[in-house]
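Quick note: the coordinates plus some simple rules give every number you see, no bench work behind them. What you see is a predicted model, and the numbers here were worked out from it, not measured in a lab. Please note: Cβ atoms are built from the backbone with ideal geometry, for glycine as well, and neighbour counts cover all protein chains shown.
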Amino acid sequence: MKKDFLTILGLAQQEAHELVRRAKEMKDSGHRSNILENKSFILIFEKASTRTKVSFEVGIRHLGGHYVFMASKDSQLGRSEPLKDTARVLSRYADGLIVRTYGQARLEELARHSSVPVINALTDEHHPCQVMSDLLTIYELTPDFNDLIITWIGDGNNMAQSWINAAACFPFQLKMAFPEGYGPREDLIEQALNMGAKIFITHDPAEAVQGANYVNTDVWASMGREQEQDKRASVFKGFTLNEELLRLADHNVKVLHCLPAHRGEEITDQVIEGKWSIVWDQAENRLHMQKAILEWIVTPGN
């Protein structure tokens, strides 16, 4: 039976924890292997990418595999043929599909009709590879997630929604602050709470940052919402992650940002370049986590 990685909640809790542990082991050992020898992956990217594209390409090579990259101009997803036809055809050519697209429904339809594993490299609703990498970054500094407070400040976007999924799998407390009307999907929050997640919601960034061990943010207008930039700059006033806000957090607080960052908007230059920042470790860890995910999807019995 094939294993897809479409959201964090698609993993069993034990699998999620094991991926974090395995990714750290891979990083610490400079892991290389031939587990993907004679295997090929197709990267289908309808959205622009730097870190996701490069980290997957390098990770596949580290594990002995090959890849074909398809940008939006190369892809006919849902244009000249149905998604299910594309999935069936590409499954005959490759051992896995790594997809960066718009709606989660597009990804899920591809996965339903693909006979090979499908990995979510980002959709408008979820970014599980990034958040799993962020969990690895936190795990390196704080191996025990119990009693940790992780704060999200800003838009209730795909990153925020994957953090909600993660809160259902790991025992940290998630505190979230966003402007009214810009929060994540209520059904995802309710689902996570029903699974035992500890989630606190507010519209006050200062309240969310109180006592936080890790503070996370992202751009105010994600890809596809650039036309809302001016409006959002006004709505999100007061949600900039700056030194004043960080004084309310734990004295050893660390800051994450998935990049690219709009310095002076959602985060100040002083913070992203300061003693609080673990952003560069976070970016590197995309490589190690995705290697662990690739190993997981091709290993039977996990």
Check your understanding: In nm, to one decimal, how far is the modelled label at Gln229 from the one at Asp187, with both set 7 Å along Cα→Cβ?
Key -> 3.3
Exercise for review: Could you pull the Cα extents of segment 130-282 along its three principal axes, largest to smallest, in whole Å?
Suggested key: 39, 36, 25
Exercise for review: Would you list, by chain and number, the lysines whose Cα falls below 24 Å from the Cα of Lys291, excluding same-chain residues fewer than 8 positions away?
Suggested key: Lys2, Lys3, Lys24, Lys27, Lys39, Lys47, Lys53
Review point. For segment 196-285, what is the Kirkwood estimate of the hydrodynamic radius, computed as the reciprocal of the mean inverse distance between distinct Cα atoms, to one decimal in Å?
Key: 13.8
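Mind checking Rg over Rh on segment 149-224, alpha carbons, Kirkwood formula for Rh?
On the way: Rg = 11.3 Å, Rh = 12.2 Å.
The Rg/Rh ratio comes out at 0.93.
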**Study point:** Dimensionless Rg over Rh [segment 57-141; C-alpha; Kirkwood]
**Key:** 1.01
**Study point:** Relative contact order of segment 130-282, pairs being alpha-carbon contacts under 8 Å that are 6 or more residues apart, as %
**Key:** 24
Check your understanding: Each label point is 7 Å from the Cα along the Cα-to-Cβ direction; what then is the distance between the points at Gln270 and Val54, in nm?
Key -> 2.9
Exercise for review: Quick one: pull the percentage of alpha-carbon pairs in segment 77-126 with a separation above 17 Å.
Suggested key: 25
Revision key, fill the gap. Expected sort for Phe145, Phe41, Phe170, Phe200 with the fewest Cβ neighbours (10 Å cutoff) up front is Phe200, Phe145, Phe170, Phe41
Practice item. Considering Cα pairs under 8 angstrom that are at least six residues apart, work out the relative contact order of segment 96-182 and quote it in whole percent. Key: 25
Revision key, fill the gap. Within the set Val118, Val253, Val68, GNM on the chain using Cα springs under 10 Å gives the largest fluctuation to Val68
Exercise for review: Rounding to the nearest 20 debye, state how big the charge dipole of the chain is about its Cα centre with +1 on each Lys and Arg Cβ and -1 on each Asp and Glu Cβ.
Suggested key: 1000
**Study point:** Net length gained if the chain between Lys198 and His262 were fully extended (0.36 nm per residue, minus Cα distance)
**Key:** 20.1 nm
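Rounded to the nearest 5, what % of the DSSP beta bridges within segment 130-282 are antiparallel ones?
Percentage antiparallel, nearest 5: 0.
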Exercise for review: Taking each pair of different alpha-carbon atoms in the chain once, compute 1/r for the pair, average those values, and report the inverse of that mean as the Kirkwood hydrodynamic radius in Å to one decimal.
Suggested key: 19.6
